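Chemist: Attaching a single structure in structure tokens format; questions to follow.
The values are calculated or read from the model by the stated rules, or taken from the named source; none is laboratory data. Computed from a prediction, not measured in an experiment: that's the story for all the values here. Here Cβ is always computed from backbone atoms with ideal geometry, including for glycine, and neighbour counts include all displayed protein chains.
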């Protein structure tokens, strides 16, 4: 099965498999069956087998999965060792937090530049990088060829900056701007992140629980 034919729901479960297998690896687990893995991940064994079969057979009948080998294979599928060059736009509180605490290198990326429109932030050090003024974006992209961008900017600016960045060669966006980016270009990937939506989902769960208890 080609990668293009794999459903989005399967793709979104891959990082979770990778994370759980990493935890098992740290615990010294050598092999695991689909049933055992399903119990830990709250999925069905059938679902796990179907998901992994989208990318080829990784398990052995009567043996299960080798934890380290399966994690390495899923890592290859996800591209965690690709080192894709990525830039971050917006060095406010959220941008600084992501730049400082997100392990880009362990997740397929290499943070090479941080930009902000505020001249007062130019030269401020965040981790190993200094914030650059946004007027340097075009020249920086030409010289360093980043392929992805993190957007930590006001929603009003998101569409315009995304359009500019696409013209500079950016092919993927990790978007925290609270604006749902959509690209008419099929070669551009967008991952819109709404932390507030996740929190409201939690609120719904509590609300439903409270309704049940009444």
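Chemist: Count, please, the residues in the range 163-177 that happen to be without any contact (Cβ under 8 Å) to a residue 24 or more places away in the chain and within 20 Å of the chain's Cα centre (by Cα).
Modeler: Of the residues in that region, 1 qualify.
Chemist: Go through the range 62-76 and give me each residue that's surrounded by fewer than 17 Cβ atoms within 10 Å (Cβ to Cβ) and within 29 Å of residue 172 (Cβ to Cβ).
Modeler: 68, 69, 72, 76
Chemist: Run down 202, 206 and say which single residue is under 22 Å from the mean Cα position of the chain (by Cα), surrounded by fewer than 17 Cβ atoms within 10 Å (Cβ to Cβ) and not assigned by TED's automatic domain parsing to the domain that holds residue 92.
Modeler: Sole residue among the options that is under 22 Å from the mean Cα position of the chain (by Cα), surrounded by fewer than 17 Cβ atoms within 10 Å (Cβ to Cβ) and not assigned by TED's automatic domain parsing to the domain that holds residue 92: 202.
Chemist: Sticking with this structure for a sec: Got a sec? Which of 115, 58 is assigned to a loop (DSSP other than H, G, I, E, B) and surrounded by 14 or more Cβ atoms within 10 Å (Cβ to Cβ)?
Modeler: Just one listed residue meets the conditions, 58.
Chemist: On to the next question. Against the conditions (1) more than 30 Å from residue 34 (Cβ to Cβ); (2) within 20 Å of the chain's Cα centre (by Cα), where does residue 138 fall short? Just the number, please.
Modeler: Exception for residue 138: condition (2).
Chemist: Being touching a helix residue (DSSP H, G or I) at 6+ places or on another chain (Cβ under 6 Å) and either surrounded by fewer than 19 Cβ atoms within 10 Å (Cβ to Cβ) or closer than 17 Å to residue 84 by Cα (or both) narrows it down to one residue among 165, 181, 129; which is it?
Modeler: 181
Chemist: Could you grab me the full set of residues in the range 77-110 that are surrounded by 15 or more Cβ atoms within 10 Å (Cβ to Cβ), over 19 Å from residue 23 (Cβ atoms) and over 13 Å from the mean Cα position of the chain (by Cα)?
Modeler: 85, 87, 88, 89, 90, 91, 94, 95, 96, 99
Chemist: Restricting attention to the range 62-73, and to residues there that are assigned to a helix (DSSP H, G or I) and either out of contact with any helix residue (DSSP H, G or I) (no Cβ under 7 Å at 6 or more places or on another chain) or outside the structural domain of residue 35 (by TED's automatic domain parsing) (or both), which single residue is nearest to residue 129 (Cα to Cα)?
Modeler: Per the criteria, the residue is 72.
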